[in-house]
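Structure first, then comments.
The values are calculated or read from the model by the stated rules, or taken from the named source; none is laboratory data. Note that the coordinates shown come from a computational prediction; the quantities given were computed from them, not determined experimentally. Cβ: placed from backbone, ideal geometry, glycine included. Neighbour counts: every protein chain shown. Calculation scope for accessible area: heavy atoms of the full protein, side chains included, ligands and nucleic acids excluded. Shrake-Rupley method; radii C 1.70, N 1.55, O 1.52, S 1.80 Å.
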Amino acid sequence: MTGSDASPSAPSPDPSADSSSFRLAYVPGVTPSKWVRIWNERLPDVPLTLHAVTPAEAFGALREGTADAGLVRLPVDGDDLSAIPLYTETTVVVVPRDHLFAAVEEVAADDLADELVLHPLDDTLGWERPPGRPAFERPATTADAVELVAAGIGLLVVPQSLARLHHRKDLTYRTLTGVPQSRVALSWPAADEAPDLVEEFIGIVRGRTVNSTRGRRAEESRGRKEQKPVKSGKPGAGSRTSGKSAARRGGGSSGRGAGGSGSARGGRGGKPRRKS
């Protein structure tokens, strides 16, 4: 079909808007694999597509409709998006393996006072400036900052998941206290009621069982239960009950007949003896 043959009132369907699939965006450091596995077990007929996005792209993906929901870092920038917090991450300082801090398990923010601390433009901790001495320029990304730490130019403060994501053999990290922490949340476009598939994923990340999930699968399960006929008893139960009742009713007659029957059996044994 040529472009002139296509009807303007019936545009080609957008595969990304297919209601039979679920598109999940996620920012660096977040690992949705556990939730994806549960999704595939519960909804094997609904594909879940993952979209890796930067923190700067995450909320735009939700607003533009290229993702149905997203695993993002708080705060959410605007009232047009809904969000539920999932967990809070430990904040760490990334240092070279031969740094003094590598010999301890925990570092306080005040301990960084004399250290040059890098502040990348994609920082996720939401502070105006980290503790320590600021670098002359801010690295463009966290990955760039990690490279500078490896070169011995400074230290870097990030959520623990980002330190793991950018792991290098020549670097290590230690827990940092007295500083902000990053919170990970599930976000989606605000509405009076979350779409069915979003509700399904909310149930999964909140740990609801398959029977308690308030999404489409739960509705279908309830529908199947409502359609089941009410059992009036096992097949043939009525006839057996009637038979038992008849047996009980006949039991009296049988008992009475049993006496006669006994007499009959006695009669069959010979003539009754005459009283002397």
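Total residues in segment 180-191 satisfying the condition of being within 15 Å of THR88 (Cα to Cα) and over 15 Å from the mean Cα position of the chain (by Cα): the figure is 4. Looking only at residues in segment 192-208 that are modelled with pLDDT under 95 and under 10 Å from the mean Cα position of the chain (by Cα), the one that is least open to solvent (accessible area, probe 1.4 Å) is ARG208. A single entry from ALA113, ALA108, ALA103, ALA61 fulfils the requirement of being open to solvent by less than 20 Å² (accessible area, probe 1.4 Å) and small (Gly, Ala, Ser): ALA61.
Residue count for segment 22-54 satisfying the condition of being open to solvent by less than 60 Å² (accessible area, probe 1.4 Å) and among the small types (Gly, Ala, Ser): 2. For beta carbons closer than 8 Å, sequence separation of 6+ or different chains, a first residue in segment 197-209 that is under 15 Å from ALA83 (Cβ atoms) and a second that is small (Gly, Ala, Ser) and crowded, with 23+ Cβ neighbours inside 10 Å, the qualifying pairs are VAL198/ALA69; PHE201/ALA69. When residues in segment 74-100 are screened for being part of a strand (DSSP E or B), of a type in the set (S, T, N, Q) and open to solvent by 40 Å² or more (accessible area, probe 1.4 Å), 1 of them pass.
Just give me the residues in segment 116-143 being in contact (Cβ under 8 Å) with a residue 12 or more places away in the chain, open to solvent by 70 Å² or more (accessible area, probe 1.4 Å) and not in a strand (DSSP E or B), in sequence order. Answer for segment 116-143, where residues must be in contact (Cβ under 8 Å) with a residue 12 or more places away in the chain, open to solvent by 70 Å² or more (accessible area, probe 1.4 Å) and not in a strand (DSSP E or B): LEU121, GLY126, ARG138.
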